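Student: Just dropping this structure here.
The values are calculated or read from the model by the stated rules, or taken from the named source; none is laboratory data. Please read these numbers as outputs of a predicted model, since none were measured by experiment. Neighbour counts run over all protein chains shown; Cβ positions are idealised from the backbone, glycine included. In case anyone asks, the SASA skips ligands and DNA or RNA and just uses the protein heavy atoms, side chains included. Shrake-Rupley method; radii C 1.70, N 1.55, O 1.52, S 1.80 Å.
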Amino acid sequence: MGQGDCTWPGSEIEREYHDNEWGAELHDDRKLFEFLILDTFQAGLSWKTILNKRENFRKAFDEFDPERIAEYDISKLEELMQDKGIIRNRLKIQGAVKNARAYLKVREEFGSFDSYIWSFVGNRSIVSSINGPEDYRATCPESDAMSKDMKKRGFAFCGSTICYAFMQASGLVNDHLNSCAYKNRI
């Protein structure tokens, strides 16, 4: 077990994720893209489900290479629909391809996806004051703005709640409990 005392990690894989990734500021474009795709598939499911399938997703989606995913054709989509190691939801698979294409356009326009995505928080992580589960929220004004802009740019599965989960995963929002040892990690 880790040093943190956030209450949501209920399994070893969740604890590992909590202790090493969740809430840590992330500025690597490829890793940001990975979290974006994983959050696409997480919609309506538990994060534990996604974490348990993460390695399968990496293999199925070419290590989250946005250039390769943007080129997926019908035969690749059908291949993914048969892959029992991932979430076999046609709309989410198509959404991942759509997101890869939108991601590449954003990266070209802004120089990096990192520059684009961090602009929604003024390039500084939002550190929430969380004393207990009752203090967690599902959205914020920044996730609302992110969602609206991403939809305008052609992203799929990017509602405000999904954007907020993405923000938590990539450290744009730090929602560790105030008492958690990982609260002040950057």
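Student: Before anything else, pin down the relative contact order of the chain: Cα pairs under 8 Å, at least 6 apart, normalised by residue count, whole percent.
Tutor: 33
Student: Based on DSSP H runs of at least 4 residues, each adding -39500 (n - 2.57), what is the mean residue ellipticity at 222 nm of the chain after dividing by all its residues, to the nearest 500 deg cm²/dmol?
Tutor: The per-residue figure over the chain is -16000 deg cm²/dmol.
Student: To the nearest 10 degrees, how steep is helix 90-110 against the longest Cα principal axis of the chain, on a 0 to 90 scale?
Tutor: Once rounded, the angle reads 80 degrees.
Student: Cα axis of helix 141-152 to longest principal axis of the chain: angle in degrees, 0 to 90, nearest 10?
Tutor: Between helix and principal axis, roughly 0 degrees.
Student: Rounded to whole Å and sorted largest first, list the principal axis extents of the Cα atoms in region 133-182.
Tutor: 39, 19, 15
Student: On to the next question. Grab the Cα-Cα distance for Asp135 and Leu104, subtract it from 0.36 nm times how many residues apart they are, and report the gain in nm with one decimal.
Tutor: 7.6 nm
Student: If you don't mind, another one. Cross-link partners among lysines for Lys84, C-alpha distance below 20 Å, same-chain residues fewer than 8 apart left out?
Tutor: Lys48, Lys53, Lys59, Lys76, Lys92
Student: Turning to a different aspect of this structure: Give me the percent relative contact order of region 36-124, please, defined on Cα pairs under 8 angstrom at least 6 residues apart.
Tutor: Averaging sequence separation for qualifying contacts and normalising by length gives 26 percent for region 36-124.
Student: At a Förster distance of 41 Å, what's the computed FRET efficiency of Arg54 paired with Lys148, Cβ-Cβ distance as r, to 0.05?
Tutor: 0.90
Student: Give me the accessible area per residue for the chain, probe 1.4 Å, as a whole number in Å².
Tutor: Values: 8900 Å² over 186 residues.
Spelled out: the 1.4 Å probe surface of the chain, per residue, equals 48 Å².
Student: Note the direction-averaged projected area, equal to a quarter of the hull surface, for the Cα convex hull of region 13-63, in nm².
Tutor: 3.6
Student: Please give the length that would be gained between Ser115 and Leu45 if that part of the chain were fully extended, namely 0.36 nm times their separation in residues minus their C-alpha to C-alpha distance (nm, one decimal).
Tutor: 22.3 nm
Student: For the chain, list log₁₀ I(q)/I(0) at each q in 0.08, 0.13, 0.19, 0.20 Å⁻¹, using the Debye formula over Cα point scatterers of equal strength and ignoring solvent, two decimals each.
Tutor: Calculated log10 I(q)/I(0) at the listed q: -0.24, -0.65, -1.36, -1.47.
Student: Continuing with this model, one more query. Mean separation of Cα pairs under 8 Å and 6+ residues apart, divided by the residue count of region 123-186: what relative contact order is that in percent?
Tutor: 44
Student: Rounded to the nearest 0.05, what FRET efficiency is calculated for Glu78 and Trp8 with R0 set to 25 Å and r the Cβ-Cβ distance?
Tutor: Step by step, r from the Cβ atoms, then E = 0.10.
Student: Quick one: length gained pulling Arg124 to Asp65 fully straight, 0.36 nm per residue minus the C-alpha distance?
Tutor: 18.6 nm
Student: How far apart, in nm, are the 7 Å Cα→Cβ label points at Gln94 and Asn178?
Tutor: Simple spin-label model gives 4.7 nm for this pair.
Student: Further, regarding this structure: Compactness ratio of region 1-98: Cα Rg over 2.2 N^0.38 Å, N = residue count?
Tutor: 1.14
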